[in-house]
1. Could you let me know the centre-to-centre spacing of the range 383-443 and the range 185-249, using Cα atoms, in angstrom?
2. Pulled fully out, how much extra length does the chain show between H164 and T255, if you take 0.36 nm times their separation in residues and subtract their Cα-Cα distance?
3. Could you give the distance between the Cα centres of the range 322-368 and the range 131-182, to the whole Å?
4. Express in nm, to one decimal, how much length is gained between A424 and K52 on full extension, taking 0.36 nm for each residue of separation and deducting their alpha carbon distance.
5. Counting only the heavy atoms of the protein chains, how much of L244 is accessible to a 1.4 Å probe, in Å² to the nearest 10?
6. What's the whole-number percent of alpha carbon pairs in the chain lying beyond 43 angstrom?
7. Could you tell me the center-to-center distance, by alpha carbons, between the range 251-297 and the range 1-47 in angstrom?
8. What distance in nm lies between label points placed 7 Å from Cα along the C-beta direction at T398 and D94?
Amino acid sequence: MPDFDYDLFVIGAGSGGTRAARVSAAHGARVAVAEEYRVGGTCVIRGCVPKKLLVYGAHFAEDLKDAQRFGWKVPDAPEFDWKCLTTNVFAEVDRINRAYTTTIESSGGEIIHQRATVSGPNEVTLADGTRKTASKILIAVGAHPMVPECPGHEYGITSNEAFHLDAVPKRILIAGAGYIANEFAGIFHQLGSHVILMNRSKEILRGYDLQIRDRLLQISMMKGLEFRFDATFQGIERGADGCLTVSMSNHEPVTVDAVMFATGRLPNTRGLGLESAGVEVDELGAIKVDDDNRSTCPSIFAVGDVTNRIQLTPIAIREGQAFADTQFGGKPTRVDYDCVPSAVFSHPPIGAVGMTEAEARQKLGSVRVYSSDFRPMKNVLANRDERALYKMVCDGETDRVVGIHMIGPDCPEIIQAAAVAVKAGLTKAQFDACVALHPTMAEELVLMK
């Protein structure tokens with residue numbers, strides 16, 4: 001057997017790479033992890049975690065206003081301190097970064113704080129020129145925001161930079177209509193920005209159930225968010241006052257204080273040296289892998305967003321765990337990608353699992369749909385007209401629940417438990433047999449007609 005420096009060399013210390021490294025080391029492998037930025041990856045450092053903390057902060061805008069209806073003497077215009085929020089968010093990010101670092105090191109893994117590139121089937125080259133060898137190499141470098149090519153695109157920001165703004169922009173144009181765009185639209189709107197969402201098609205949140213998407217669009221417009229559909233960038237010009245004028249197709253130009261691109265994410269494979277080992281990538285740069293996360297080079301594997309399968313942190317973690325158990329734990333494991341729950345932390349948030357109504361009708365033919373369209377109790381007393389919508393999609397032949405889709409307060413928390421039921425293949429009758437927990441919003445899951 002060749003004498004390698006390590007049994008496993010991981011490039012990227014995000015959620016997937018960290019899990020793979022920790023578990024592989026626990027199985028007895030000699031492991032090293034190279035990370036050029038900070039341990040924790042996109043989710044911890046500049047993604048899910050800081051974004052969700054901003055969502056919590058933004059929710060207080062409505063909560064403080066609603067509190068007056070519940071008897072609390074709150075000023076009509078409470079003062080908000082952006083710097084206070086972001087400082088506290090960054091402190092929490094630092095804490096989790098340290099925790100991730102400790103997790104790897106305490107399991108016996110070595111962290112190398114440098115960029116690493118592939119220089120052969122069993123070799124990587126560090127930024128300082130040092131070469132390291134490993135029996136297996138795992139690529140877990142994630143993805144980065146895509147920036148449209150248009151004149152003036154350098155004046156825009158992405159979700160990476162949104163956390164580091166000096167202040168909340170008075171006017172912001174957000175390009176895109178996926179979950180990142182809608183989440184930041186809700187955050188900035190709640191914090192006082194005038195938000196314009198610009199999208200090249202007529203749809204928001206492609207892939208989610210149509211009725212749920214339409215409900216979010218209605219609520220967003222009712223709150224004052226603007227939408228520019230069928231719009232593509234023609235150019236961004238910066239004025240002497242620092243304001244940005246955005247020209248787009250099919251619409252008049254708009255002048256804003258900030259432009260944010262949320263138009264998708266691309267795998268971080270450029271300049272990674274994959275060609276030196278015969279690792280194939282697709283047209284977007286994603287590493288092609290089999291069901292065991294193995295690339296076209298037998299000794300090189302990949303997990304997480306760099307494979308562009310499902311760009312979700314829990315998926316990267318599952319893939320990292322499966323890789324480690326399969327390759328070093330003697331427990332061959334593959335990830336099941338069926339019925340993966342997801343959430344959009346918009347205002348209000350969305351939760352979803354399983355097939356949409358359109359998907360079910362196309363795949364199953366016979367479908368029964370049940371729904372509950374209601375005003376949450378808190379909204380009633382707060383004198384807020386915003387309504388929640390729960391939707392259950394069932395196989396018309398077997399009564400099996402094949403999808404649940406929700407929009408309303410706390411839906412991401414509720415959908416996690418509901419996803420277990422959908423994954424288990426429970427029927428509508430079994431949902432109905434469960435006694436409602438009253439008074440809650442979640443009880444609507446067992447009361448839908």
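The values are calculated or read from the model by the stated rules, or taken from the named source; none is laboratory data. For clarity, every value in this text was computed on a predicted model and none was experimentally measured. Ideal geometry is used to build each Cβ from the backbone, glycine not excepted, and the neighbour counts take in all protein chains shown. Surface areas here come from the heavy atoms of the whole protein model, side chains and all, with no ligands, DNA or RNA. Shrake-Rupley method; radii C 1.70, N 1.55, O 1.52, S 1.80 Å.
1. Cα centroid to Cα centroid, the span is 30 Å.
2. 30.6 nm
3. 25
4. Answer, rounded to one decimal: 131.1 nm.
5. Roll a 1.4 Å probe over it and L244 shows about 10 Å².
6. Here the tail beyond 43 Å accounts for 19 percent of pairs.
7. Answer, in whole Å: 20.
8. Taking the simple label geometry, T398 and D94 are separated by 5.3 nm.
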